[in-house]
Amino acid sequence: MHKFLSFLKEFYIPKKDELLNAFASFSRKELFIFISSIIVAIVSVVIILENINTYFMVEVPTSGGTITEGIIGIPTLINPVLALSDADKDLTSLVYSGLMRKTTEGIFIPDLAESYTVTPDGMTYTFIIKKNATFHDGTKVTADDVVFTVNKIKDPLIKSPRKLGWDGVTVSKKDDRTVVFSLTKPYISFMDSTTTGILPFHIWKNVTNTEFSLSPLNIKAIGSGPYFISSLSKNKDGIPEKYTLKYFKNFTLGSPHIKYLNIVSYSNEKDLIKALTSHSIDQAGGISSINAKVVLDAGYKIHTATLPRIFGIFFNSNKNNIASDKSVIKSFNYAIDKQEIVDKVLNGYGSVINSPIPETILPDQDISSTVKTSIDDANDLLDKNGWILGADGIRVHGGTKTVTQTKKVGKKTITKTVQVSLGPITKLAFSLTTGDTPELKYAATLIKDQLTKIGAQVEIKIFEPGQLNQIIRTRDYEMLLFGQDIKHESDLYSFWHSSQKNDPGLNIALYSNAKVDSILEATQKMSSYEDRAVKYEEFINEFNNDIPAILIYSPKYLYATSSELNHISLNTLTIPSDRFVPIYKWYANIDHVWKIFTNTPTNTGTDK
């Protein structure tokens with residue numbers, strides 16, 4: 001201390017006059033250097049302090065902001081029991097919550113449920129509802145609400161599109177917070193059913209079955225989801241065209257960051273794109289790949305997600321026997337350039353596929369054995385198997401062939417020409433049936449062009465959706481270019497088990513393989529996903545050996561958003577409305593605070 005006081009005494013602060021005299025003694029050059037040094041020092045200190053501040057600051061979401069999303073279609077059944085259209089499902093997913101919520105990573109997390117248990121045989125599920133779970137009107141969510149919702153779905157008079165997933169399930173109330181589901185047999189997709197939104201019994205209990213689909217409660221819906229309906233606007237005909245939703249602060253997974261969400265309806269994609277490019281809306285889902293560039297040029301981000309949809313050519317050997325010739329099918333598999341179809345039809349927004357199991361069910365599949373496109377290999381295979389290229393460029397099999405035979409009779413060699421029968425004449429020709437959509441028609445045209453190069457004659461048949469559905473039901477096609485929508489693991493049974501070959505079954509390839517049947521039956525009873533994954537690999541091997549269908553591509557879901565919207569992470573979607581599953585984590589407003597004052601993750605979104 002003594003030394004410090006001595007230093008202060010010796011420390012001399014010059015007076016103002018002395019400073020002015022010192023500056024006056026500087027030459028012009030010395031003064032310039034001195035002032036420049038001072039400025040550099042000050043700027044350096046500011047930059048250093050700014051860097052220090054930035055290092056300790058993080059970007060965090062703050063509540064507030066408004067997002068306007070455009071959708072195609074008018075939501076009229078905002079009801080988890082009845083929702084059928086994409087527009088209905090979009091609003092339903094925002095307004096309602098289920099016992100469980102399936103994330104875009106495919107993981108089930110508790111929503112209204114606090115916890116659940118499953119018996120070892122996979123036949124009984126018991127759920128306990130959270131104490132703080134409430135509907136938008138403040139009423140507590142109880143087991144009565146769950147029992148009421150499930151029984152409405154199961155009621156045949158209601159005609160719920162969700163009924164199939166609840167058949168064979170009995171629901172009962174143990175106490176106000178405990179509900180028990182009893183299954184007649186293990187069902188691997190049951191957990192998906194538990195994401196079904198729950199209706200408030202106290203509001204719906206007096207609505208009869210006859211009134212159920214006509215009730216105004218389907219418009220002014222009340223649920224327990226992340227958003228509640230604040231207001232709606234109708235057009236001159238009284239049809240809702242804009243819903244204003246507000247965040248529900250008591251949402252079980254935490255109050256959403258975005259305060260208001262406007263949902264605006266459009267009649268078609270053309271009008272939707274026009275609204276995007278004019279910036280009258282902030283975002284829109286389900287953008288077709290043909291409009292992707294327009295949306296990008298308008299300054300939007302495009303997020304993509306894998307959908308459980310696989311498109312390919314399904315064969316019906318009952319209508320054309322060339323479909324039962326393995327050499328023909330293998331040659332087609334060689335000749336079809338799947339990547340060209342993805343690049344041209346989907347503008348690159350899709351994936352080449354070779355497996356009947358989508359990535360949403362079995363991710364990271366080994367594609368090392370993928371068949372490479374080769375017109376030469378396709379032609380060689382057909383040549384070796386007796387498919388002769390005619391002068392008209394079309395291959396045929398069978399007929400007669402002129403051969404020269406030699407025979408020794410004594411010392412003489414007798415040569416003669418004979419006609420050898422190769423069997424009935426079969427032309428390498430077939431009809432390719434598909435739907436009347438730009439994507440399918442373009443894909444069919446490319447497939448025809450590719451198969452023409454190996455001597456196949458392809459007739460494209462285009463049908464409207466209603467006609468096509470009837471054709472599929474009656475299996476009245478030779479080869480069908482179509483898509484499978486595999487929402488749940490249990491759907492694999494419906495699409496490929498031999499018992500599903502006839503209507504109302506969905507085995508449109510008419511595939512029959514006893515080993516595959518056994519595999520699919522076994523997976524239905526396995527509660528362990530790891531065990532099912534092993535069986536799925538066996539299924540894929542059998543499928544690729546038989547080639548009951550040539551699988552071509554899986555399209556991506558395109559979601560256009562403004563640059564201000566953060567924390568978007570779609571990964572995989574089962575249905576388009578699943579994009580709203582993590583909406584409570586999205587944010588439009590941000591603030592910067594020091595790290596020590598928050599535990600909020602710094603992630604501002606993932607663009608896939």
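Residue by residue, here is whether (1) in a helix (DSSP H, G or I); (2) within 30 Å of Ile486 (Cα to Cα) holds:
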site	(1), (2)
Asp145	yes, yes
Thr149	yes, yes
Lys152	yes, yes
Pro156	no, yes
Gly165	yes, yes
Ser182	no, yes
Ile198	no, yes
Leu214	no, no
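Looking only at segment 564-589, which residues are part of a loop (DSSP other than H, G, I, E, B) and either among the hydroxyl-bearing types (Ser, Thr, Tyr) or at pLDDT 85 or above (or both)? It would help to see each step written out before you state the result.
Restricting attention to segment 564-589, the residues satisfying the condition of being part of a loop (DSSP other than H, G, I, E, B) are 564-565, 567-571, 573-575, 581-582, 586, 588.
Within segment 564-589, Ser569, Leu573, Thr574, Ile575, Val581, Pro582, Trp586 qualify.
Tyr553 meets all of the listed conditions (1) buried (at least 20 other Cβ atoms within 10 Å of the Cβ); (2) over 30 Å from Ser331 (Cβ atoms) but one, namely (2). Among what's in segment 502-519 and is surrounded by 15 or more Cβ atoms within 10 Å (Cβ to Cβ) and touching a residue at least 24 places away in the same chain (Cβ under 8 Å), pick the residue that is nearest to Met191 (Cα to Cα). Across segment 502-519, the extreme among qualifying residues is Val516.
What residue, of Tyr511, Tyr493, is assigned to a helix (DSSP H, G or I) and out of contact with any Asp or Glu (no Cβ under 7 Å at 6 or more places or on another chain)?
On the way: Tyr511 fails: assigned to a helix (DSSP H, G or I).
On inspection, the qualifying residue turns out to be Tyr493.
Applying the condition of being part of a loop (DSSP other than H, G, I, E, B) and at pLDDT below 95 to segment 222-252 and asking which residue is nearest to Phe580 (Cα to Cα) yields Ile239.
What is the residue count in segment 253-263 for residues that are in a strand (DSSP E or B) and either outside the structural domain of Ile72 (by TED's automatic domain parsing) or surrounded by 20 or more Cβ atoms within 10 Å (Cβ to Cβ) (or both)? Before you say what the answer is, go through the steps one by one.
In the first step, residues of segment 253-263 are kept if they are in a strand (DSSP E or B); the result is 260-263.
Filter again for either outside the structural domain of Ile72 (by TED's automatic domain parsing) or surrounded by 20 or more Cβ atoms within 10 Å (Cβ to Cβ) (or both), leaving 261, 263.
Count: 2.
Only one of the numbered conditions (1) under 24 Å from the mean Cα position of the chain (by Cα); (2) closer than 14 Å to Ile188 by Cα; (3) of a type in the set (Gly, Ala, Ser) is violated by Ala522, and that is (1). Scanning segment 317-349 for residues being within 29 Å of the chain's Cα centre (by Cα) and polar (S, T, N, Q) gives a total of 3. Annotation note: Cβ proximity below 6 Å between a residue of segment 424-446 that is charged (D, E, K, R) and a residue that is crowded, with 22+ Cβ neighbours inside 10 Å (sequence gap 6+ or interchain) occurs for Glu439/Val345. Within segment 84-105, the set of residues being of a type outside the set (Gly, Ala, Ser), touching a residue at least 60 places away in the same chain (Cβ under 8 Å), surrounded by 19 or more Cβ atoms within 10 Å (Cβ to Cβ) and closer than 18 Å to Tyr243 by Cβ comprises Lys89, Asp90, Leu91, Thr92, Leu94, Val95, Tyr96. In segment 268-368, which helices (runs of 4 or more DSSP H) lie fully inside it and hold 2 or more residues that are over 20 Å from Gly483 (Cα atoms) and in contact (Cβ under 8 Å) with a residue 40 or more places away in the chain? Hits in segment 268-368: 269-277, 292-297, 326-335. With respect to (1) modelled with pLDDT of 95 or more; (2) over 26 Å from the mean Cα position of the chain (by Cα); (3) not small (Gly, Ala, Ser), the lone exception for Pro110 is condition (2).
Would you pick out the residues in segment 468-482 that are in contact (Cβ under 8 Å) with a residue 40 or more places away in the chain and touching a Gly at 6+ places or on another chain (Cβ under 8 Å)? Write out each step before concluding.
Looking only at segment 468-482, we keep the residues that are in contact (Cβ under 8 Å) with a residue 40 or more places away in the chain, and these are 475-482.
Hits for segment 468-482 are Leu481, Phe482.
Residue check: Ile188 meets all listed conditions (1) in a loop (DSSP other than H, G, I, E, B); (2) closer than 19 Å to Thr92 by Cβ but one, namely (2). Do we find a residue being among the β-branched types (Val, Ile, Thr) and either touching a His at 6+ places or on another chain (Cβ under 8 Å) or assigned by TED's automatic domain parsing to the domain that holds Ile361 (or both) anywhere in segment 121-143? The answer is yes; a qualifying residue exists.
For segment 489-534, a residue qualifies if it is more than 20 Å from Asp121 (Cα to Cα), touching a Ser or Thr at 6+ places or on another chain (Cβ under 6 Å) and of a type outside the set (Ser, Thr, Tyr), and the qualifying residues are Gln500, Leu506, Asp517. In this structure, Lys249 does not qualify as surrounded by 17 or more Cβ atoms within 10 Å (Cβ to Cβ) and of a type outside the set (A, V, I, L, M). Answer yes or no: is there a residue in segment 214-223 that is surrounded by 19 or more Cβ atoms within 10 Å (Cβ to Cβ), among the aliphatic types (A, V, I, L, M) and under 24 Å from the mean Cα position of the chain (by Cα). No; the residues of segment 214-223 include none that is surrounded by 19 or more Cβ atoms within 10 Å (Cβ to Cβ), among the aliphatic types (A, V, I, L, M) and under 24 Å from the mean Cα position of the chain (by Cα).
The values are calculated or read from the model by the stated rules, or taken from the named source; none is laboratory data. Not measured: the values here are computed from a predicted model. Quick reminder, even Gly has a Cβ in these numbers, built from the backbone with ideal geometry, and neighbours come from all protein chains shown.
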